[in-house]
Amino acid sequence: MKVLFSLLTLVTASTVLAASTTIPSVVATALDGHTVSLPSDLPAPATILILGFSQHSQAATTAWEKSIRASLATTPTIGYFDMPILEDAPSFIRPLILRSIRKQVPDVLKPHFVPLTSGEAAWKQLTNFSPSAPDAAYILLVDRSGNVRWQTHDPFTPTLFAALSTAAHNLAAESK
């Protein structure tokens, strides 16, 4: 019973069900060159957005991305985008950063990798960005309309991933 209570406390404390909150409208270019317009181009009834606000968030976002890609985004009902926020990088350095990212990201992942160079304030507000966790991965589960249905910025753990997985599968099932 104590373990169940701890699990429920962890999941409740680290996730927020916010169905009335919608992601900002954004038009950006994925690393494979195609234009992505959100929320209209959300690829599935349940889409996971992985946001990183700093260069040092790469380890945190990668931990989430690998599990999401391997376990959740294997069907057409759950999709994902990895979205580093580059607005704070000086504009003359952004092309160098993007070139470096393109070299590091395998071709198969490039359609899912959508760097953002504007709108940082709106994304920070939406994700409840914490200045004490600037290097965290900010994870959003959104429906086809871009409404946030689940979110966290806690480090990846199997327990938290299980909560995301359950929420994503439930959201995908709602669309049937």
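Coordinate-derived values only; no laboratory data. Computed from a prediction, not measured in an experiment: that's the story for all the values here. Here Cβ is always computed from backbone atoms with ideal geometry, including for glycine, and neighbour counts include all displayed protein chains.
Below is a table of values for the structure above.
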read-out	value
Karplus-derived HN-Hα couplings along the range 163-169 (A = 6.51, B = -1.76, C = 1.60, θ = phi - 60°), whole Hz, x at Gly and Pro	5, 4, 4, 4, 4, 5, 5
From phi via Karplus (6.51, -1.76, 1.60), per-residue ³J(HN,Hα) for the range 116-132 in Hz, x at Gly/Pro	10, 10, 8, x, 4, 4, 5, 5, 5, 5, 4, 8, 6, 3, 10, x, 7
Ranking of 124, 66, 176 by count of other Cβ atoms within 10 Å, fewest first	176, 66, 124
For the chain, convex hull volume per residue from C-alpha positions, Å³	116 Å³
Taking the chain and dividing mean pair separation by its residue count, relative contact order in percent (alpha carbons under 8 Å, at least six apart)	35 percent
Listed residues 144, 69, 99, most fluctuating in the chain (Gaussian network, C-alpha, under 10 Å)	99
Amide H contacts of residue 150 (H built 1.01 Å from N, under 5 Å, at least 5 apart or other chain)	18, 141
Estimated distance in nm for a label pair at residue 87 and residue 56, the labels positioned 7 Å out from Cα along Cα-to-Cβ	2.1 nm
Angstrom value of the Kirkwood radius, inverse mean 1/r, which spans all Cα pairs in the range 40-100	12.9 Å
Karplus-derived 3J(HN,Hα), 6.51/-1.76/1.60, for each residue of the range 50-55, Hz, glycine and proline x	10, 10, x, 9, 9, 4
Net charge, residue 85 excluded, C-beta distance under 9 Å - Lys, Arg +1, Asp, Glu -1	-2
For residue 52, net neighbour charge (Lys/Arg +1, Asp/Glu -1) across residues whose Cβ lies under 11 Å away	-3
